[in-house]
Amino acid sequence: MSLLRYSGRRVVQAIPVLLGVVAITFTLINAAPGNPVEIMLGPSPNQAAVETLKAKYGLDQPLHVRFWKYLVNLVQLDMGRSIYYDAPVTTKIAQRLPQTILLMVSSFAFAIATAVPLGVISAKRRNKPTDHVTRIVSLVGVSTPSFWIGLVLILLFSYNLGVLPATNLVMPWAHPSNVTGASTRLGVLYVAGAHLLLPMLSLGTLQMAAITRIERSSMLEVLSDDYVRLARAYGVTERTILRKHAFRNAQLPVITIIGLQLTTAIGGAVLTETVFEINGMGRLIVSSISRQDFPVVMGTTFVFALVFVVGVILTDISYAYIDPRVSYGDQE
Amino acid sequence: MSAPLLRVDDLQVQFFTEDGVVRAVDGISFDVREGELVGLVGESGAGKSVAVSAIMRLVESPGRIVGGHIEFKGETLIEVERGDDGESYRTDATIPDGELRERIRGREIAIIFQDPMESLNPVFTVGGQLREFIELNRDLSEEDAREEAVRMLREVGIPEAAARYDDYPHQFSGGMRQRVLIAMALACEPALIIADEPTTALDVTVEAQILDLVDELQERYDTSFVWVTHDMGVVAEICDRVNVMYLGEIVEQAPVDDLFYDTQHPYTEALLDSVPRPDETVEELNPIKGVMPEAINPPAGCRFHTRCPDAREACKTTNPDCRDVTDGVTEHRAACIKHDAFETTYEGSPPLETGSGGGFDVSLSGGETDD
Ligand code: SF4
């Protein structure tokens with residue numbers, strides 16, 4: 001029960017954060033030199049045309065009025081129209097978001113699924129060969145940029161070996177008729193997996209390495225805690241100590257790191273999408289910034305902030321789920 | 001007299017650190033008889049905690065038991081001998097790890113650590129942890145173990161035990177947690193409980209309550225205890241026999257009354273002078289002079305000679321063993337060459353200047369933590 005209340009409170013607390021994000025992006029975009037109308041109309045535009053266009057996109061109104069309007073519309077899920085695409089921003093985001101979410105979720109899943117066992121084993125076999133190998137691999141992992149990994153993977157598996165596609169993503173839930181090379185649902189899954197593998201590895205390696213390192217050090221720390229020594233003194237087997245008495249506690253710092261990794265992952269997604277030519281949110285935001293497509297930049301930033309906030313709330317809730325001190329402290 | 005429950009013989013534990021070998025425990029011997037509460041007392045860093053953790057082979061790396069023999073109920077918990085190559089190895093008489101874990105740890109010997117705040121796992125309920133250890137060490141079903149856990153919580157004076165079973169450790173105060181840990185130890189019905197400074201982290205009133213509780217429960221359950229402390233007040237209150245440790249060695253060994261009223265070792269005397277005693281009014285307390293040297297590089301001769309008020313030249317060369325100094329009238333041993341039992345040149349040897357520098361207050365209650 002207390003966990004539910006805690007979660008509710010975290011969600012409510014997120015609202016001002018999102019509001020802040022909107023305010024800051026809005027100010028920044030409008031403070032930047034140049035405006036989209038000038039770009040659209042070329043170097044020496046007709047004054048009347050400028051006025052019409054400005055009126056069309058509401059750029060002629062004072063800043064605070066525009067901000068208020070934007071907020072009111074945002075609450076109704078209306079992010080305005082893209083100047084470049086001449087389509088609602090929400091439509092554009094709806095097209096792009098699934099690719100990015102798929103990429104991020106899969107790379108986090110890959111990272112957690114490999115890093116947690118690796119870290120635990122590494123801690124258990126401290127200073128043995130397994131530990132050394134894991135430590136070297138994770139050190140290399142955290143110090144290699146994701147786009148470089150992506151390029152190497154493409155070179156190796158697509159260009160040299162030709163076994164995996166180097167561009168684009170295919171949604172696993174797409175209809176077979178829309179997917180080249182697949183005629184059944186299973187076939188779609190296969191094609192989707194093949195497309196996903198390289199981008200996932202390239203984005204996930206950094207996360208994996210970072211989580212492995214923290215998992216290892218956190219396990220090591222917990223393993224020398226008094227309650228672990230006590231369990232050992234009461235005849236609990238090393239296996240049970242590792243799986244029950246130490247594991248749960250050791251995940252607390254790991255969860256914190258996963259939450260923090262979300263920011264790097266968003267940045268990494270932009271690069272990965274560029275390298276693998278994935279039409280996701282990352283590429284959308286980059287191209288919209290260079291086109292000064294204000295509404296799209298605002299919209300995508302907001303959605304990224306939303307993704308981040310949701311991620312942080314999820315980490316907070318898992319933290320509270322593991323550590324009763326957090327959720328119970330909330331009651332007092 | 002029947003064989004003692006626990007017999008520790010010439011135990012040596014060393015820590016192999018980067019700075020060199022630390023002889024944390026350097027050949028100590030003591031025993032514990034059934035129903036007895038035996039104290040192990042000394043300043044922080046004397047090696048008390050290491051000594052008791054060796055009993056269940058819980059010494060952690062880089063520490064290693066490099067010598068000695070520990071026998072419990074006729075079983076060899078550890079026997080380490082030095083081979084021809086100079087390496088120490090366990091003899092075949094030593095019971096294997098798995099058996100030690102299954103038959104001895106928790107079941108026969110339980111332990112209570114110093115810091116109740118750190119000894120319970122923060123992410124599991126208090127009752128759950130208690131139940132787990134009971135289940136493991138008494139072959140009870142989950143339900144019976146649960147019942148037993150609640151009963152034990154009641155037994156150690158936790159109010160509304162059944163309701164508090166599902167609480168987490170952070171919802172208990174330090175004193176209450178230490179009660180839980182005592183309940184944990186007793187619930188497994190061991191023959192021996194090792195209490196490693198269990199009241200040091202608590203404040204004085206709570207400490208007094210816990211000591212009363214232990215006194216009462218010990219009588220009822222007839223459990224033997226090894227009680228590690230640096231506090232002579234605690235020793236006076238609960239111990240039957242006492243071992244005084246200094247720098248990895250036992251320097252005096254006596255029944256509690258003899259230790260207090262017929263002190264034979266200058267270090268014990270100094271310890272007693274440094275704490276208030278209810279039976280004596282003194283003008284002022286006398287802290288022991290100087291700081292205990294590092295165990296990595298102990299002084300030659302008697303290890304206490306750098307601080308001993310009675311030290312003489314001869315003390316710099318002879319390291320006395322702990323031997324009978326009262327002609328067998330009582331069981332009273334001390335390691336100090338001023339006694340006749342040691343045939344040395346102490347009598348004719350000139351006194352040493354000692355104890356320059358600031359005083360070092362050994363202990364009142366609390367304050368010190370790490371050992
Ligand atoms: S042997 Fe000498 S230095 Fe050691 S305790 Fe006795 S008198 Fe003091």
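Considering only strands (runs of 3 or more DSSP E) fully contained in the stretch B:209-279, which possess at least 2 residues that are away from the ligand (no atom under 16 Å from the Cβ)? I'd like the intermediate steps shown before the answer.
Values: elements: B:224-229, B:241-246, B:249-255.
Hits in the stretch B:209-279: B:224-229, B:241-246.
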Query - Candidate set: the stretch B:7-22, residues that are surrounded by fewer than 20 Cβ atoms within 10 Å (Cβ to Cβ) and not aliphatic (A, V, I, L, M); chosen: the one nearest to B:E36 (Cα to Cα) - result: B:R7
Query raised in the report: Hey, does the stretch A:264-274 have a residue that's out of contact with any helix residue (DSSP H, G or I) (no Cβ under 7 Å at 6 or more places or on another chain), farther than 30 Å from B:G98 by Cβ and open to solvent by 40 Å² or more (accessible area, probe 1.4 Å)?
Result: no
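How many of the residues in the stretch B:44-63 are of a type in the set (K, R) and either crowded, with 22+ Cβ neighbours inside 10 Å or in contact with a Phe, Trp or Tyr (Cβ under 9 Å, 6 or more places away or on another chain) (or both)? Outline the logic, then answer.
First, the residues of the stretch B:44-63 that are of a type in the set (K, R): B:48, B:57.
Now restrict to residues that are either crowded, with 22+ Cβ neighbours inside 10 Å or in contact with a Phe, Trp or Tyr (Cβ under 9 Å, 6 or more places away or on another chain) (or both): B:48.
Qualifying residue count, the stretch B:44-63: 1.
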Query raised in the report: Of the residues that make up the stretch B:23-43, is at least one open to solvent by 10 Å² or more (accessible area, probe 1.4 Å) and within 14 Å of chain A (Cβ to nearest Cβ)?
Result: no
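Would you tally the residues in the stretch B:245-276 being among the acidic types (D, E) and under 16 Å from the mean Cα position of the chain (by Cα)? Working first, answer last.
Kept after step one, since they are among the acidic types (D, E), are these residues of the stretch B:245-276: B:249, B:252, B:257-258, B:262, B:269, B:273.
Now narrow it down to the ones that are under 16 Å from the mean Cα position of the chain (by Cα): B:249, B:252.
Adding up the residues that qualify gives 2.
Among what's in the stretch A:26-42 and is open to solvent by less than 70 Å² (accessible area, probe 1.4 Å) and in a loop (DSSP other than H, G, I, E, B), pick the residue that is nearest to A:A87 (Cα to Cα). Before you say what the answer is, go through the steps one by one.
Our first condition is that a residue be open to solvent by less than 70 Å² (accessible area, probe 1.4 Å); within the stretch A:26-42, this holds for A:26, A:29-30, A:32, A:34-37, A:41-42.
So of that shortlist, the ones also in a loop (DSSP other than H, G, I, E, B) come out as A:32, A:34-35, A:42.
Details: A:A32: 23, A:G34: 22, A:N35: 19, A:G42: 21 Å.
Across the stretch A:26-42, the extreme among qualifying residues is A:N35.
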Query - Test: residue in the stretch B:44-64 that is part of a strand (DSSP E or B), within 14 Å of chain A (Cβ to nearest Cβ) and under 23 Å from B:N297 (Cβ atoms) - result: yes
Report summary line: The condition from (1) open to solvent by less than 10 Å² (accessible area, probe 1.4 Å); (2) modelled with pLDDT of 90 or more; (3) of a type in the set (S, T, N, Q) that A:Q251 misses is numbered (1)
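Scan the stretch B:345-354 for residues that are away from the ligand (no atom under 11 Å from the Cβ) and in contact with a Ser or Thr (Cβ under 9 Å, 6 or more places away or on another chain) and report the count.
Applying the first criterion (away from the ligand (no atom under 11 Å from the Cβ)) to the stretch B:345-354 yields B:345, B:347-348, B:350, B:353.
Subset that is in contact with a Ser or Thr (Cβ under 9 Å, 6 or more places away or on another chain): B:345.
Qualifying residue count for the region: 1.
Considering the stretch B:111-124 alone, what residues qualify as being more than 7 Å from chain A (Cβ to nearest Cβ) and touching a Pro at 6+ places or on another chain (Cβ under 7 Å)? Can you show your working first?
So the first thing to find is which residues in the stretch B:111-124 are more than 7 Å from chain A (Cβ to nearest Cβ), and the list is B:112, B:114, B:116-117, B:124.
Correct list: B:I112, B:Q114.
What do you reckon, is B:F342 part of a loop (DSSP other than H, G, I, E, B) and either more than 8 Å from the ligand (Cβ to nearest atom) or more than 24 Å from the chain's Cα centre (by Cα) (or both)? Can you show your working first?
On the way: part of a loop (DSSP other than H, G, I, E, B): yes; either more than 8 Å from the ligand (Cβ to nearest atom) or more than 24 Å from the chain's Cα centre (by Cα) (or both): yes.
It is true that B:F342 is part of a loop (DSSP other than H, G, I, E, B) and either more than 8 Å from the ligand (Cβ to nearest atom) or more than 24 Å from the chain's Cα centre (by Cα) (or both).
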**Report entry** Lone unmet requirement of (1) of a type outside the set (D, E, K, R); (2) farther than 23 Å from A:L252 by Cα; (3) surrounded by 23 or more Cβ atoms within 10 Å (Cβ to Cβ) for A:A182
**Finding:** (3)
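Just need a number here: residues in the stretch B:57-91 that are among the aliphatic types (A, V, I, L, M) and more than 23 Å from B:R103 (Cα to Cα).
Going residue by residue through the stretch B:57-91, those that are among the aliphatic types (A, V, I, L, M) are B:58-59, B:65-66, B:70, B:77-78, B:80.
Checking which are more than 23 Å from B:R103 (Cα to Cα) leaves us with B:66.
Final tally of qualifying residues: 1.
Could you say which residue among B:R333, B:R312, B:R303, B:R323 is within 16 Å of B:Y267 (Cα to Cα), more than 14 Å from chain A (Cβ to nearest Cβ), within 8 Å of the ligand (Cβ to nearest atom) and within 22 Å of the chain's Cα centre (by Cα)? Steps first, please.
Working: B:R333 fails: within 8 Å of the ligand (Cβ to nearest atom); B:R312 fails: within 22 Å of the chain's Cα centre (by Cα); B:R323 fails: within 8 Å of the ligand (Cβ to nearest atom).
Residue meeting the stated conditions: B:R303.
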Query raised in the report: Pairs under 8 Å by beta carbon, first residue open to solvent by less than 10 Å² (accessible area, probe 1.4 Å) in the stretch B:244-260, partner away from the ligand (no atom under 14 Å from the Cβ) and of a type in the set (D, E, K, R), six or more apart or different chains?
Result: B:M245/B:K48; B:Y246/B:E43; B:L247/B:D26; B:G248/B:R23; B:G248/B:D26; B:A254/B:R241; B:A254/B:D262; B:A254/B:E331
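The values are calculated or read from the model by the stated rules, or taken from the named source; none is laboratory data. Note that this is a predicted model, so its numbers are computed, not measured. With ideal geometry, Cβ positions are generated from the backbone for all residues, glycine too; neighbour counts draw on all protein chains shown. All accessible areas refer to the heavy atoms of the entire protein, side chains included, with ligands and DNA or RNA removed. Shrake-Rupley method; radii C 1.70, N 1.55, O 1.52, S 1.80 Å.
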